[in-house]
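Trainee: The structure that follows is given in the form of structure tokens.
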Amino acid sequence: MDELRAIGTFIRVAESGSFNRAATGQGTTAQAVSKSIRQLEQHLGVRLFHRTTRKTSLTEDGQRLLDSVRGSMESLTGALARIRGAAREDEGLIRICAAGGVVRKVLLPILADFRAQHPDITFDIVIDDGNTDTVGERIDLGFKAGNAPAKQVVSRRLFDIQLILCATPAYVAARGMPRDIADLTQHACVGYRQPGAARPFPWEFLVKGETVYQAVNHVVCCNDPEAEMLAVLQGLGIGQIDSINASAPIRAGELVPLMVKHTSERLGLYLYYAQRSDMPSRVRRFIDFTVERLRGGKHFHIPLAELRALGKAP
């Protein structure tokens, strides 16, 4: 027996005082309502209604049951309605995971604009260290900078991430510009080492349409991309900085792009989520909003013609 449905029917009969009126309210027959009440009485082992040809009234046990369940049923019905509404409408929680730099530079401005239009949608952000259990953490969607996410998820490449060789104007004025990869041995370099890795990442260049990797000697090495960029901004040396971090200071004249023709655009920023047929509309709406805002990444990607112009010697 479906207890929840039977109790709902019991409440309708008790409040209307009629099996017929309860049946009309439920869109069923008086016989079906009567059968449901009989099954509930047998299940509970008590009589719930006095029945006559003219009147239906609660027994003492029926009144106690009504007093006990009516408030709880209203709360449950309200909770279910809110959940259904949250799945359909602009309210509820979205859980997101992303690396700290992506959260700070890319995601937070989007959240501010999105919530201005949808103030009843809230967010819980998990800073992703690469070990996030997206299922256990109940993640709705994530952002990944670098290579494409695993094939088990749906992913959208939002924009290309460039690896831009750059230095401060003061460094270039004092030490000159490297003209090719071999020249880097004559320069101070700032490197990046992934957390937990024993060695720094080699630098990545595009040479005649092929990706080429080059190990360099670093005067400073950081395991955080933002710290790496700050070291370059302090004039400690040349760095190869991702365009999410480097675009703004390059356009502001704080950094000069170097060896532009060898700039790699192999990596990307990806939005990903699990394939599901029951995705809440609030999540779908945020995905569509994000794709529209970030397609092409004009704030985080510098077209090569612009990069060449910015790379002229100061």
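Trainee: If I stretch the segment between N223 and D124 completely, what's the gain in nm (0.36 nm per residue apart, minus their alpha carbon distance), one decimal? Kindly include the intermediate steps, with their values, before the conclusion.
Mentor: Numbers: separation 99, 0.36 × 99 = 35.64 nm, distance 2.54 nm.
Gain on extension, N223 to D124, equals 33.1 nm.
Trainee: Taking the Cα centre of the chain as the origin, how large is its charge dipole in debye, to the nearest 20, when only Lys and Arg (+1) and Asp and Glu (-1) carry charge on their Cβ atoms?
Mentor: Numbers: 40 positive and 34 negative charges, 208 e Å.
Using Cβ point charges on Lys, Arg, Asp and Glu, the chain gives about 1000 debye.
Trainee: How high is the FRET efficiency between T29 and R295 when r is their beta carbon distance and R₀ equals 45 Å, given to the nearest 0.05?
Mentor: Step by step, r from the Cβ atoms, then E = 0.20.
Trainee: Could you calculate the FRET efficiency of A198 with V154 from 1/(1 + (r/R0)^6), where r is the beta carbon distance between them and R0 is 30 Å, rounded to 0.05?
Mentor: 0.30
Trainee: Got a sec? Charge dipole of the chain, +1 on Cβ for Lys and Arg, -1 for Asp and Glu; which of V219, P202, V13 is way out at the positive end?
Mentor: Result: V13.
Trainee: Between E265 and L76, what's the calculated FRET efficiency when r is the beta-carbon distance and R0 is 45 Å? Round to 0.05.
Mentor: On the way: r = 54 Å, r/R0 = 1.20.
My answer for the efficiency is 0.25.
Trainee: If you don't mind, there's one more thing I want to ask. Using a 1.4 Å probe over the heavy atoms of the protein chains, calculate the carbon and sulfur portion of the accessible area of the chain as a whole percent. Mind dumping the intermediate values first?
Mentor: Working: 8660 of 17260 Å².
Carbon and sulfur atoms account for 50 percent of the accessible area of the chain.
Trainee: While we're here: Taking 0.36 nm per intervening residue step and subtracting the Cα-Cα distance, what contour gain separates L93 from K55 on full extension?
Mentor: Details: separation 38, 0.36 × 38 = 13.68 nm, distance 4.85 nm.
Length difference between fully extended and current span is 8.8 nm.
Trainee: Which residues make up the longest stretch of the chain that has no trypsin sites (Lys or Arg not before Pro) in a DSSP loop with at most 10 other Cβ atoms within 10 Å?
Mentor: Values: sites that count: R54, K55, K151, R179, K208, R276, K312.
That gives 56-150 as the longest site-free run.
Trainee: Do the sum for the chain: with -39,500 (n - 2.57) for every DSSP H run of n ≥ 4, divided by all residues, what is the mean residue ellipticity at 222 nm, to the nearest 500 deg cm²/dmol? Can you show the working numbers first?
Mentor: On the way: 10 runs with 122 residues, N = 314.
Roughly -12000 deg cm²/dmol at 222 nm, from the helical runs in the chain.
Trainee: Additional query: Averaging sequence separations of C-alpha pairs under 8 Å and six or more residues apart, then dividing by the length of the chain, give the relative contact order as a whole percent.
Mentor: 20 percent
Trainee: For region 1-59, what does the alpha-carbon gyration tensor say about shape, rounded, prolate or oblate, given a ≥ b ≥ c as the root eigenvalues, a/c under 1.5 as rounded, and a/b over b/c as prolate? Intermediate results must be reported in sequence, preceding the final value.
Mentor: Numbers: a/c = 1.70, a/b = 1.09, b/c = 1.56.
Oblate is the answer for region 1-59, as a/c is 1.5 or above yet b/c matches or exceeds a/b.
Trainee: Any idea of the accessible area per residue across region 167-268, 1.4 Å probe, to the nearest Å²? Before the final figure, lay out each step's value.
Mentor: Values: 5020 Å² over 102 residues.
With all protein chains present, region 167-268 gives 49 Å² per residue.
Trainee: So which lysines pass the test for K208, namely a Cα distance under 23 Å, with those fewer than 8 places away in the same chain ruled out?
Mentor: In chain and number order, the partners are K261, K312.
Trainee: When DSSP assigns beta bridges and you keep just the ones with both residues in the chain, what percent turn out antiparallel, to the nearest 5? Don't jump to the answer; show the numbers that get you there.
Mentor: On the way: 28 of 42 bridges.
Expressed as a percentage, antiparallel bridges in the chain total about 65.
Trainee: Let me ask another. Pull up the cross-link candidates among the lysines for K298, meaning alpha carbon to alpha carbon under 16 Å and not fewer than 8 places away within one chain.
Mentor: K298 reaches K105.
The values are calculated or read from the model by the stated rules, or taken from the named source; none is laboratory data. Everything quoted here is computed from the prediction, not taken from an experiment. Heads up, the Cβs are rebuilt from the backbone with ideal geometry, glycines too, and the neighbour counts pull from every protein chain shown. Surface areas here come from the heavy atoms of the whole protein model, side chains and all, with no ligands, DNA or RNA. Shrake-Rupley method; radii C 1.70, N 1.55, O 1.52, S 1.80 Å.
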